[in-house]
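The values are calculated or read from the model by the stated rules, or taken from the named source; none is laboratory data. Because the structure is predicted, anything quoted here is derived from the model rather than measured. Here the Cβ is made from the backbone with ideal geometry for all residues, glycine too, and neighbour counts use every protein chain on show. Protein only, heavy atoms only, side chains kept; ligands, DNA and RNA dropped before computing areas. Shrake-Rupley method; radii C 1.70, N 1.55, O 1.52, S 1.80 Å.
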Amino acid sequence: MHWGGGTVSTPVAAPPGDPAERGLWVGIGGPVGVGKTALVAAICEQLREQLRLGVVTNDIYTTEDADYLKNRGALPPERIVAVETGACPHSAVRDDISANLEAAEELARKARAQDGEPLDLLLIESGGDNLTMTFSRGLVDAWIFVLDVAGGDDVPRKGGLGVTSADLLVINKVDLAPYVGADPDRMIHDGQARREGRPTVMNSLQQDPAASHVVDWIRHLLDVRQPARSGRS
């Protein structure tokens, strides 16, 4: 496993409420077209047999990401909710988080009413945005920033809040590197240099449809934060 020399840590700040009652909330963000929604689908497909899952997606004017997940059958449709931000997509997960918080809490409430148990894991996917995007710690427990090799292998070196402050940095679509002249190892090295020990991983859903490194990182967070619930079906 290529962790980029990082140390998996548990953030101190977190959304209000007992994690044992509301589950683990994980954000996934990054620029347009880096593969965020496909990564969300892969995570759901790997964990849905062991955990109770929910997803909140963000698009500016459409519900396309939620529709993709529903059409793919990543989760039952009632476990996928779309937020239309109508403006800068990272504002809805960083600044005014009210729409996402409301959607997430309502999804969690309905899931608990249906199952008699809280969700284990809720994924909140941001709309595509630039290197300055972050997630509010009032919305998620931890968050993932996704880049892809086609965006240029100099991007991690340029930094930005997404690169420097995400709990996990994912260098995605590494199978495309030979075709776009990118060096994933350089991206890992440059990202690692910016991240003060937080982990960085490579990912390719063509080569590893299970997104193993990302799923392992989420499992670790579940084990640390919710040991009694992490393996429960």
If a residue must be over 18 Å from residue 201 (Cα atoms) and open to solvent by 10 Å² or more (accessible area, probe 1.4 Å), how many such residues does region 136-157 contain? 3
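Only one residue in 105, 49 is open to solvent by 10 Å² or more (accessible area, probe 1.4 Å) and within 19 Å of residue 137 (Cβ to Cβ), so which one is that?
Only one candidate passes the filter, namely 105.
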Could you count how many residues in region 2-46 are at positive phi and either open to solvent by 10 Å² or more (accessible area, probe 1.4 Å) or modelled with pLDDT of 95 or more (or both)? 5
Residue tally, condition out of contact with any Leu (no Cβ under 7 Å at 6 or more places or on another chain) and closer than 19 Å to residue 183 by Cβ, over region 159-168: 1
If we only count strands (runs of 3 or more DSSP E) wholly inside region 37-133, which ones have 2 or more residues that are touching a residue at least 40 places away in the same chain (Cβ under 8 Å)? 53-59, 121-125
